[in-house]
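Comments concern the structure below.
The values are calculated or read from the model by the stated rules, or taken from the named source; none is laboratory data. On a predicted model such as this, the values are computed, not experimentally measured, just so you know. Virtual Cβ from ideal backbone geometry, glycine too; neighbours counted across all protein chains shown. When the accessible area is computed, the model is the full protein with side chains, heavy atoms only, and any ligands, DNA or RNA have been set aside. Shrake-Rupley method; radii C 1.70, N 1.55, O 1.52, S 1.80 Å.
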Amino acid sequence: EEKAIKEIDDNSGASLKLTILNPQGIIWTLVAGGGASVVYADTIADLIGAGELANYGEYSGNPTTRETCQYARTLLDLMTRSPDPQGREKILIIGGAIANFTDVAKTFTGIIQALREYHERLRAVGVRIYVRRGGPNYEVGLRNLQQAAAELGLPIEAYGPETHMTDIARMALSA
């Protein structure tokens, strides 16, 4: 999976990175931006320890809808291969800072496509989704993501830039 994402990255003007830390971890991140990926990873490690963090990575630089969908598919496939051995829900944090030029609605369209493909598997392993994003077209992107999650029966909480990234991690980990 890491190699497949590197291949997409190598053939794109955008940046797509993925490192699997613990495939049995319950916290998965689908994060836009290198800085945001550091903030989420550090906050998660501070709150519950790095052992539950399943992956580290980011998509940035205005990837296409197709590239974002491929990235999200890879992550969702990894996340849904098996339920947590202790029966805990898994958490997916879809986040990022406030984009300067990445079209949030476009990248979220790719994420929505992947969620549509994996929604049954996501429900089967018990996934809760937390979203925080800002930037161009973020309102449309958040609305579309919330509507898709509701249609698919996926529990979601979505926020814009008025909510801090660290707050999203706290919400996700305290629920």
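Here are the numbers for the structure shown:
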{"item": "Local electrostatic count, residue 71, Cβ distance below 12 Å [Lys/Arg +1, Asp/Glu -1]", "result": "-3"}
{"item": "Computed [θ] at 222 nm, deg cm²/dmol, the chain (DSSP H ≥ 4; -39,500 (n - 2.57); rounded to nearest 500)", "result": "-16000 deg cm²/dmol"}
{"item": "Filtered GluC sites (Glu not before Pro), the range 84-175: DSSP coil and at most 16 other beta carbons within 10 Å", "result": "89, 162"}
{"item": "Neighbourhood charge, 14 Å Cβ-Cβ cut-off, centred on residue 22 and excluding it, Lys, Arg +1 and Asp, Glu -1", "result": "-1"}
{"item": "Where the range 1-121 is the region considered: accessible area per residue in Å², 1.4 Å probe", "result": "43 Å²"}
{"item": "Dipole magnitude (debye, nearest 20) for the chain, charges at Cβ of Lys, Arg, Asp, Glu", "result": "280 debye"}
{"item": "Potential extension, residue 170-residue 7 segment - 0.36 nm per residue separation minus Cα distance", "result": "55.3 nm"}
{"item": "Charge sum, other residues only, whose C-beta stays under 13 Å from residue 52's C-beta, Lys/Arg counted +1 and Asp/Glu -1", "result": "-1"}
{"item": "Zero-based 10 Å bins, Cα pair distances in the range 1-152, whole percents", "result": "12, 45, 37, 6, 0"}
{"item": "Whole-percent carbon and sulfur share, accessible surface of the range 79-166, 1.4 Å", "result": "49 percent"}
{"item": "Signed unit charges on C-beta, dipole axis of the range 20-175, positive-most listed residue 171, 86, 158", "result": "86"}
{"item": "Space enclosed by the convex hull of the alpha-carbon atoms of the range 1-66, per residue, Å³", "result": "77 Å³"}
